[in-house]
1. Just to check your reading of the model, which residue among R36, R27, R41, R3 is over 27 Å from I465 (Cα atoms), charged (D, E, K, R) and modelled with pLDDT of 95 or more?
2. Is it the case that some residue within region 28-43 is in contact with a Lys or Arg (Cβ under 8 Å, 6 or more places away or on another chain) and either in a loop (DSSP other than H, G, I, E, B) or farther than 12 Å from V169 by Cα (or both)?
3. From the list G444, G436, G432, which residue is surrounded by fewer than 19 Cβ atoms within 10 Å (Cβ to Cβ) and of a type outside the set (V, I, T)?
4. In contact with a helix residue (DSSP H, G or I) (Cβ under 8 Å, 6 or more places away or on another chain), more than 25 Å from P386 (Cα to Cα), of a type in the set (V, I, T) and open to solvent by 20 Å² or more (accessible area, probe 1.4 Å): does that describe T292?
5. From D58, D14, D10, which residue is surrounded by fewer than 19 Cβ atoms within 10 Å (Cβ to Cβ), farther than 28 Å from S156 by Cα and of a type outside the set (G, A, S)?
6. Considering only region 44-68, how many residues are of a type outside the set (G, A, S), touching a Leu at 6+ places or on another chain (Cβ under 9 Å) and in a loop (DSSP other than H, G, I, E, B)?
7. Of the conditions (1) open to solvent by less than 20 Å² (accessible area, probe 1.4 Å); (2) in a loop (DSSP other than H, G, I, E, B); (3) in contact with a Ser or Thr (Cβ under 7 Å, 6 or more places away or on another chain); (4) over 28 Å from R464 (Cα atoms), A97 satisfies every one except a single condition; which number is it?
8. Of all residues in region 224-278, which are among the aliphatic types (A, V, I, L, M) and over 23 Å from the mean Cα position of the chain (by Cα)?
Amino acid sequence: MQRIHAFGDDALSDLDAVGLAAELRARRVSVPELIRAAIARTEAVNPALNGLAYEAFDRALARAEAGPVPGFFGGIPTYVKDNAAVAGMPTMEGTDAWDPRPQPAHGDFARLYLGTGVIPLGKTQMSEFGFSASAEHPRLGPVRNPWHPEHTAGASSSGSGAFVAAGVVPIAHANDGGGSIRIPAACNGLVGLKPSRGRLPLDRHMRQMPLRIVANGVLTRSVRDTAAFYREAELLTGRTRLPPIGDITRPGAERLRIAVCTRSINRDASPEVRELTLKTAALLEELGHHVTPIDNPVPRQFQDDFLLYWAFLAMAVVRSGRRTFGPGFDRDRLDNLTLGLDSHAARNLHRLPAAMVRLSRLRRVTARLTRDFDVVLTPTLADVPPRIGHLDPTADYQQIIDRLVDWVAFTPLHNVTGEPAVSLPLAQSRDGLPVGMMFAAALGEEARLLRLAYELEEARPWPRIDQRS
């Protein structure tokens, strides 16, 4: 198995974002050196990984050379997923159904993200409108997993995941409407925290969803980078109705009541993933936590209800395309998954109101769970990352959706309830592919998840892509 990465002896070295920020403050490296190194790394691995959606190298270098960059992450190179508005860059949502045009202004999330000091080198590839868990563009090609390029890098934040894992940048934007922070984290061996609903701002089109299932966040290689990002974001956003996260820098002393579940509502995890999850549960017990196996408490109707709402979002995109994206919008350029979801919603629209009522009441189920347990452990995904082509968006719709529902069996719950969940790279398959373990907690309990993540990172350091395991 040939791993693809860009780690080397340049200014970025093998440091995470917090480490690079310290190097900048000590003046051992400069911002232009970091940006040039990230550009060179992108150019080295992108032909193989295909994670780049839009290149803004000259702009990034100009900003680096213009003087000091304010913010804790001032001068750290990054990428933004191609569904967040960044002034002067097009936002194509992973499709080519209309002609690219630069955005006139930053969206709400980009204003926050760039306010931390990161410098974007461009946009990263994603699946079309984020509907698939694998980015395999019919024209541009798939985003490949740097640990094993014949496998998917996950989606929809696939380009960001591939680039962070391969060492191109230490931190990149991702967002999550059904798992798309946690899925690429699991596939690429990264830390991916989906925050509580309302923790971070959303761009306008995401705020307008009747049920706000999307959350913005980041993908990183270390717990401290994720924790530092949320600390800085909290300083910029000010108070919310949620408990503050604060500055989490170490493991917690609290021994937690942790439930472990390896079965989704429609299937058990694969034997290999189930075994790895139970090994993680055993590690938690060794660390002194109280672990209890449980059955999945989510009603079976959830799968159909979530799929219908997902399809409704696709229908809204397809039916309002010309109004939203301009007269050049061409639905004939959309992939079979998007069009199939549109058709599914149209056939079942009469069921949508009841489905949304049931989805909105799902917090009652998880509220009971979080009364009995502090954290719930499941695998992030039901199986290891599939090979490219398994989720080919040009295939028959029913084949695609059946395979998606089968694989993405655990993550959508927290999008509906709004509760936080983090995928940690605690395991590897027999073939050397990362396998994520997911930890979920009650609304607003990101600090608890981060303290636990620190503890697990210390107890079982993540495998590194630039070292043979």
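The values are calculated or read from the model by the stated rules, or taken from the named source; none is laboratory data. This structure is a prediction, so every number in the text was calculated from the model and none was measured. Methodologically, a virtual Cβ is constructed for each residue, glycine included, from the backbone with ideal geometry; neighbour enumeration extends over all protein chains shown. Ligands, DNA and RNA are excluded from the accessible area calculation, which covers all protein heavy atoms including side chains. Shrake-Rupley method; radii C 1.70, N 1.55, O 1.52, S 1.80 Å.
1. Details: R36 fails: over 27 Å from I465 (Cα atoms); R41 fails: over 27 Å from I465 (Cα atoms); R3 fails: over 27 Å from I465 (Cα atoms).
Selected residue: R27, the only one of R36, R27, R41, R3 that is over 27 Å from I465 (Cα atoms), charged (D, E, K, R) and modelled with pLDDT of 95 or more.
2. Scanning region 28-43 turns up no residue that is in contact with a Lys or Arg (Cβ under 8 Å, 6 or more places away or on another chain) and either in a loop (DSSP other than H, G, I, E, B) or farther than 12 Å from V169 by Cα (or both).
3. Numbers: G444 fails: surrounded by fewer than 19 Cβ atoms within 10 Å (Cβ to Cβ); G436 fails: surrounded by fewer than 19 Cβ atoms within 10 Å (Cβ to Cβ).
Residue meeting the stated conditions: G432.
4. On the way: in contact with a helix residue (DSSP H, G or I) (Cβ under 8 Å, 6 or more places away or on another chain): no; more than 25 Å from P386 (Cα to Cα): yes; of a type in the set (V, I, T): yes; open to solvent by 20 Å² or more (accessible area, probe 1.4 Å): yes.
In short, no.
5. Details: D58 fails: farther than 28 Å from S156 by Cα; D14 fails: farther than 28 Å from S156 by Cα.
Step by step, each of D58, D14, D10 is checked, and only D10 is surrounded by fewer than 19 Cβ atoms within 10 Å (Cβ to Cβ), farther than 28 Å from S156 by Cα and of a type outside the set (G, A, S).
6. Total satisfying the criteria: 1.
7. (3)
8. A253, L256, I258, A259, L278
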